[in-house]
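Engineer: After the structure tokens below, expect a handful of questions from me.
The values are calculated or read from the model by the stated rules, or taken from the named source; none is laboratory data. Here the structure is a predicted model, which means the values were calculated and not measured. Glycine also receives a Cβ, built like all others from the backbone with ideal geometry; neighbour counts cover every protein chain displayed. SASA here: full protein model, heavy atoms, side chains in, ligands and nucleic acids out. Shrake-Rupley method; radii C 1.70, N 1.55, O 1.52, S 1.80 Å.
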Amino acid sequence: VIVSTIERWHALLRGELPGGLDDLLAEDAEFYSPIVFTPQRGAVIVKMYLEAAMGILAEGKLINDPAQKFRYTKQVVSGDTAMLEFETEVDQKYVNGIDIIRVNPDGKIVEFRVMIRPLQAVNLLHEKVGALLASLQAPS
């Protein structure tokens with residue numbers, strides 16, 4: 001099941017998954033951020049965090065865009081869990097991280113953890129994601 005889900009995750013990043021994150025996330029999904037102390041729970045909020053992170057890490061480009069700097073470099077899949085190492089550049093700063101994705105028996109993502117290094121990248125992403133999420137939550 002995890003292999004199929006990860007294939008669909010890659011399709012999402014290429015812009016080839018019509019249902020987007022709604023097709024991938026379980027209603028009780030949890031997101032563990034490198035910059036937020038508590039887990040974020042529920043598909044709606046997990047989707048918001050993942051879209052914010054993808055927009056910043058991928059600079060709004062799809063993975064198949066030649067200008068895209070975000071790329072997965074390693075992938076380990078076992079049981080109900082996958083670990084995907086990635087590299088990118090944000091504001092001319094190197095970012096290296098790992099996505100740890102766990103799925104339920106239906107192949108829906110129930111847990112998404114992100115680890116980031118180096119500290120300079122963590123601080124930059126904290127600033128950018130914080131500002132983006134604040135703008136999304138601000139009253140219109």
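Engineer: With every protein chain present, what is the per residue accessible area of the chain (1.4 Å probe, Å²)? Show your work: numbers first, answer last.
Structural biologist: Numbers: 7640 Å² over 140 residues.
Accessible area per residue, the chain: 55 Å².
Engineer: Want the number for Q120 to D91: 0.36 nm per residue separation, take away the alpha-carbon distance, what's left? Write out the running numbers ahead of the final one.
Structural biologist: On the way: separation 29, 0.36 × 29 = 10.44 nm, distance 1.12 nm.
Contour length minus Cα-Cα distance gives 9.3 nm.
Engineer: What is the magnitude of the charge dipole of the chain about its Cα centre, with +1 placed on the Cβ of each Lys and Arg, -1 on the Cβ of each Asp and Glu, and no other charges, expressed in debye to the nearest 20? All intermediate terms of the calculation are to be shown ahead of the outcome.
Structural biologist: Details: 14 positive and 19 negative charges, 63 e Å.
My answer is approximately 300 debye.
Engineer: Along its principal axes, what span do the Cα atoms of the chain show, with the longest given first and each in whole Å?
Structural biologist: 37, 35, 27
Engineer: Another question about this same structure. Probe radius 1.4 Å, ligands and nucleic acids ignored: give me the carbon and sulfur share of the accessible area of the chain as a rounded percent. Please list the in-between numbers first.
Structural biologist: Values: 4170 of 7640 Å².
In the chain, the share of accessible area belonging to carbon and sulfur is 55 percent.
Engineer: Grab the alpha carbons of the stretch 82-140, take their convex hull, and tell me the volume per residue in Å³. Mind showing how you got there, number by number?
Structural biologist: On the way: hull volume 6.0 nm³, N = 59.
Residue-normalised Cα hull volume stands at 101 Å³.
Engineer: Using amide H atoms built 1.01 Å from N in the peptide plane, name the residues 5+ places from G15, or on other chains, whose amide H lies under 5 Å from its own.
Structural biologist: Here the answer is I63, since their amide H atoms fall under 5 Å of that of G15.
Engineer: Counting only residues 5 or more places away or on other chains, whose amide H sits under 5 Å from the amide H of L25 once H atoms are built in the peptide plane?
Structural biologist: Placed amide hydrogens put I109 under 5 Å from L25.
Engineer: Straight-line reach from K93: which aspartates and glutamates fall under 19 Å, measuring Cα to Cα and dropping same-chain residues less than 8 apart?
Structural biologist: Leaving aside aspartates and glutamates fewer than 8 places away in the same chain, those within reach of K93 are E59, E85, E127.
Engineer: I would also like to ask the following. Take every Cα pair under 8 Å in the chain that's 6+ residues apart, average their separations, divide by the length, and report that relative contact order as a whole percent.
Structural biologist: Numbers: 237 pairs, mean separation 35.0, N = 140.
Once normalised by length, the contact order is 25 percent.
Engineer: Just the accessible area for M54, please: 1.4 Å probe, Å², rounded to the nearest 10?
Structural biologist: Rounded to the nearest 10, the figure is 50 Å².
Engineer: List the relative contact order of the stretch 91-140 as a percent without decimals, with contacts defined as Cα pairs under 8 Å and 6+ residues apart.
Structural biologist: Working: 41 pairs, mean separation 15.3, N = 50.
The value is 31 percent.
Engineer: With point charges of +1 on the Cβ of Lys and Arg and -1 on the Cβ of Asp and Glu, referenced to the Cα centre of the chain, which listed residue (L119, V36, A53) lies farthest in the positive direction of the dipole?
Structural biologist: L119
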